[in-house]
Amino acid sequence: MKTSDQYKILITGGAGFIGSNLSEHFLGLGHKVICLDNFSTGHHHNLKDFINNPNFKLIEGDIRKIEDCILAVEGVDYVLHQAALGSVPRSISDPITTNEVNVSGFLNMLTAARDAKVKRFVYAASSSTYGDSEGLPKVEDVIGKPLSPYAITKYVNELYAEIFSKTYGIETIGLRYFNVFGRKQDPDGAYAAVIPKFVKQLMKHESPVINGDGNYSRDFTYIDNVIQMNELAITSQNPESVNTVYNTAFGDRNTLNDLVGYLKEYLAEFDPKIANVEVIYGTNRAGDIPHSLASIDKAKKMLGYNPKYSLQQGLKEAVSWYWNNLK
């Protein structure tokens with residue numbers, strides 16, 4: 001992105017894991033960033049490094065309130081919509097709230113962006129949309145039936161974006177995130193993501209619990225690859241690259257057993273005792289798909305995507321960050 005042009009970018013969920021990393025990145029390029037967050041899953045400490053940046057503005061509000069959305073998009077060039085209630089298990093235990101945030105909130109933001117005539121609406125889609133489709137690698141135009149309320153909500157987002165593009169002419173791009181991890185990802189709470197949760201447990205010499213036998217595999221995607229995709233989604237001048245969805249991943253898969261092995265190896269460089277921490281195996285989790293692997297050919301062709309971080313490279317960076325920030 002050219003730093004000579006200063007854009008005004010709204011990042012919903014900007015105090016969350018992905019949103020705060022995006023905020024920091026675009027501020028670093030000299031752009032104006034507005035963060036809209038209700039802090040239900042985001043954290044004020046994620047904003048501490050740039051809260052006083054004159055180009056940063058925080059709006060404490062809720063995407064379920066249309067008036068908050070209208071306020072946030074005023075004068076905005078681009079929207080990076082990250083706000084959502086993640087987690088398959090949370091959606092199974094509370095489908096109503098998940099739907100209110102992920103569907104009604106999404107529609108509010110899309111409508112507000114349309115009315116404010118933003119240049120482009122880029123949103124966080126999800127690999128969960130592939131549902132029970134068994135083919136690997138996952139290709140954007142071949143999906144199955146959703147396996148959880150969360151997956152339904154993220155698919156509905158794609159349907160709404162497509163209709164808004166066709167009906168109202170607003171440019172949209174959906175980024176189907178695959179198991180994103182990295183700095184600032186929350187290790188705490190009932191629905192904590194697996195990597196920060198395992199890191200924190202291993203640092204305490206506690207045994208991480210793997211759901212199933214550990215042979216389920218995922219296309220783990222480091223945060224800097226995700227930042228690259230969001231920037232490309234904003235800046236693409238190719239008219240054929242908009243009003244569609246893209247896998248946002250590295251394009252490789254590793255089992256959960258592989259993952260824990262890498263974590264123990266990299267953490268043991270800081271504390272050798274971690275290498276001997278035992279792993280516990282539990283039952284498979286409802287709504288989980290066995291294997292996930294993205295084709296990133298479409299993103300490479302249409303956006304020029306070139307992910308820099310493999311799982312191992314990303315984990316080394318993430319482990320170092322957690323070691324310095326969790327203790």
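Structural remarks
- Within region 57-77, being open to solvent by 20 Å² or more (accessible area, probe 1.4 Å), within 24 Å of residue 159 (Cβ to Cβ) and not charged (D, E, K, R) holds for 66, 70.
- Among the residues making up region 266-290, a single one is touching a helix residue (DSSP H, G or I) at 6+ places or on another chain (Cβ under 7 Å), open to solvent by 30 Å² or more (accessible area, probe 1.4 Å) and without any contact (Cβ under 8 Å) to a residue 40 or more places away in the chain: 275.
- Residues of region 201-233 satisfying the condition of being of a type in the set (S, T, N, Q) and either out of contact with any strand residue (DSSP E or B) (no Cβ under 6 Å at 6 or more places or on another chain) or farther than 14 Å from residue 255 by Cα (or both): 201, 207, 225, 228, 230
- The criterion of being surrounded by 24 or more Cβ atoms within 10 Å (Cβ to Cβ) and either modelled with pLDDT under 95 or not polar (S, T, N, Q) (or both) does not hold for residue 28.
- Complete set of residues in region 38-56 that are over 9 Å from residue 20 (Cβ atoms), open to solvent by less than 50 Å² (accessible area, probe 1.4 Å) and within 20 Å of the chain's Cα centre (by Cα): 39
- Residue 294 crowded, with 16+ Cβ neighbours inside 10 Å, touching an Asp or Glu at 6+ places or on another chain (Cβ under 7 Å) and either within 20 Å of residue 205 (Cβ to Cβ) or among the aliphatic types (A, V, I, L, M) (or both): yes
- Test: residue in region 308-326 that is of a type in the set (Lys, Arg) and farther than 21 Å from residue 202 by Cα: yes
- Residues (in contact with a His (Cβ under 8 Å, 6 or more places away or on another chain) and open to solvent by 20 Å² or more (accessible area, probe 1.4 Å)) located in region 185-217: 186, 216
Yes/no per residue for (1) closer than 30 Å to residue 161 by Cβ; (2) more than 17 Å from the chain's Cα centre (by Cα); (3) not small (Gly, Ala, Ser):
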{"position": "173", "(1), (2), (3)": "yes, no, yes"}
{"position": "182", "(1), (2), (3)": "yes, no, no"}
{"position": "199", "(1), (2), (3)": "no, yes, yes"}
{"position": "204", "(1), (2), (3)": "no, yes, yes"}
{"position": "238", "(1), (2), (3)": "yes, yes, yes"}
{"position": "243", "(1), (2), (3)": "yes, yes, yes"}
{"position": "249", "(1), (2), (3)": "yes, no, no"}
{"position": "266", "(1), (2), (3)": "no, yes, yes"}
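- Cβ-Cβ contacts under 9 Å between residues 6 or more apart (or on different chains), taken from a first residue in region 52-67 that is at positive phi to a second residue that is of a type in the set (Lys, Arg) and modelled with pLDDT of 95 or more, are absent.
- Single unsatisfied condition, residue 163 versus (1) open to solvent by 60 Å² or more (accessible area, probe 1.4 Å); (2) in a loop (DSSP other than H, G, I, E, B): (2)
- In region 92-113, the residues that are over 18 Å from residue 162 (Cβ atoms) and open to solvent by 60 Å² or more (accessible area, probe 1.4 Å) reach residues that are of a type in the set (Lys, Arg) and modelled with pLDDT of 95 or more with C-beta atoms within less than 8 angstrom, at least six apart or across chains, in these pairs: 100/64.
- Condition met for residue 91 (closer than 21 Å to residue 38 by Cβ and of a type outside the set (Asp, Glu)): yes
The values are calculated or read from the model by the stated rules, or taken from the named source; none is laboratory data. Bear in mind that the values here come from a model prediction, so they are computed numbers and not experimental data. Methodologically, a virtual Cβ is constructed for each residue, glycine included, from the backbone with ideal geometry; neighbour enumeration extends over all protein chains shown. In case anyone asks, the SASA skips ligands and DNA or RNA and just uses the protein heavy atoms, side chains included. Shrake-Rupley method; radii C 1.70, N 1.55, O 1.52, S 1.80 Å.
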